[in-house]
Ligand code: C2E
Ligand code: MG
Ligand code: MG
Ligand code: MG
């Protein structure tokens, strides 16, 4: 177990709880070193059709493999990576790796598998984002129609129109676009109808409180209904129980992702999962 503690501006230290709070590394310099030494890898979490139960896609989720400390989740380092801009080189590697993996799985015969990749606002806002993405597509030979870019509401709602121009360009290139953590940000329903969004990912917080009361049920149901009206697919994040799944099924939600079906798993395990599905 690790604990990240802020100690002054941009200064973070990671403590190992079992080591009686002795700092074990300075996070920012460790991140830089981790980039140089290629310590980042991707796990994949399946996205399941609620109608058929089949794996339709997978979300690529970043992991940091600190040989000495084990695998670290993004919750521990992603916000610092964003503050320091280190998310840019990391995100570029992530996108390249997703493209490579997509090509590899297509070649293995998993031709309808969609891979989703998280794009941080900072990445999306880079002036040369489209050029960067295009050159990685060229380099890897990946098909953008098999790749979904997950952006947040804040990126989509940005005023000024720059991001929206990029979104529509990415759609023209063939990418699918998903709005991540839907419902937690500053969503504007009016804009939603104008976006070329393929998928809304209902935030896990709504799903986890489904059993607690009627309010979140109503919200989830409204999002699903709205998705149907706007012709946007809806995926529920963080599905952990059979009763959540049953409710989502009942209201006609398209897809789910969550521990009930599978946690994020490494490439080898994901391949096994795909093989067991087709076999
Ligand atoms: P996210 O994009 O909303 O990803 C979903 C998160 O929910 C993942 O956490 C996943 O492991 C977790 N999750 C999925 N199903 C369940 C469930 O049933 N129960 C619970 N309790 N959790 C579940 P993870 O992998 O720790 O990632 C956290 C966040 O870090 C992501 O949230 C995303 O915002 C960010 N992130 C992850 N990978 C990347 C990346 O490559 N680039 C960028 N920019 N951000 C990333
Ligand atoms: Mg995501
Ligand atoms: Mg999410
Ligand atoms: Mg999230």
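Key figures
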| read-out | value |
| --- | --- |
| Gained length - residue 92 relative to residue 230, 0.36 nm times residue gap less alpha-carbon distance | 46.5 nm |
| Sites residue 277 and residue 242, calculated FRET efficiency, Cβ-Cβ separation with R0 22 Å, nearest 0.05 | 0.65 |
| Value at 222 nm in deg cm²/dmol, rounded to 500, when DSSP H runs of n ≥ 4 in the chain each add -39,500 (n - 2.57) | -12500 deg cm²/dmol |
| In degrees, nearest ten, helix 242-251 long axis to first principal axis of the chain (Cα) | 40 degrees |
| Theoretical gain in end-to-end length, residue 250 to residue 222 [0.36 nm per residue, Cα-Cα removed] | 8.8 nm |
| Cα gyration tensor category, rounded, prolate or oblate, for the stretch 122-279 with a/c compared to 1.5 | oblate |
| Inter-label distance, nm, simple model (7 Å from Cα along the C-beta direction), residue 215/residue 188 | 2.6 nm |
| Choice from 102, 193, 159 with maximal GNM fluctuation in the chain (Cα, 10 Å cutoff) | 159 |
| Geometric extent, Cα atoms of the chain - Rg, Dmax (angstrom) | 19.2, 55 |
| Alpha-carbon Debye profile of the stretch 28-91, log10 I(q)/I(0) at 0.12, 0.15, 0.17, 0.29 Å⁻¹ | -0.38, -0.53, -0.63, -1.30 |
| Chain lengthening between residue 131 and residue 266 when straightened (0.36 nm per residue, less Cα-Cα) | 45.7 nm |
| Prolate/oblate/rounded label for the stretch 94-154 (Cα gyration tensor, a/c 1.5) | oblate |
| Average Cα contact separation per residue, the chain, under 8 Å, 6 or more apart, as relative contact order % | 16 percent |
| Residue 138-residue 73 FRET efficiency (beta carbon distance; Förster radius 30 Å; 0.05 resolution) | 0.40 |
| Square roots of five times the Cα gyration tensor eigenvalues for the stretch 138-194, Å | 23, 13, 9 |
| With Cα atoms, 0 to 90° folded angle of helix 87-107 axis to the chain main axis | 50 degrees |
| Alpha carbon convex hull of the stretch 226-279, volume per residue in cubic angstrom | 103 Å³ |
| Helix 214-230 axis, angle to the chain major axis (alpha carbon atoms, nearest 10°) | 70 degrees |
| Using a Förster distance of 35 Å, the FRET efficiency for residue 162-residue 51 (Cβ separation, nearest 0.05) | 0.40 |
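Only the coordinates and a few stated rules stand behind these numbers; no lab work does. Only a predicted model underlies this, so the values are computations on that prediction, with no experimental measurement involved. Glycine also receives a Cβ, built like all others from the backbone with ideal geometry; neighbour counts cover every protein chain displayed.
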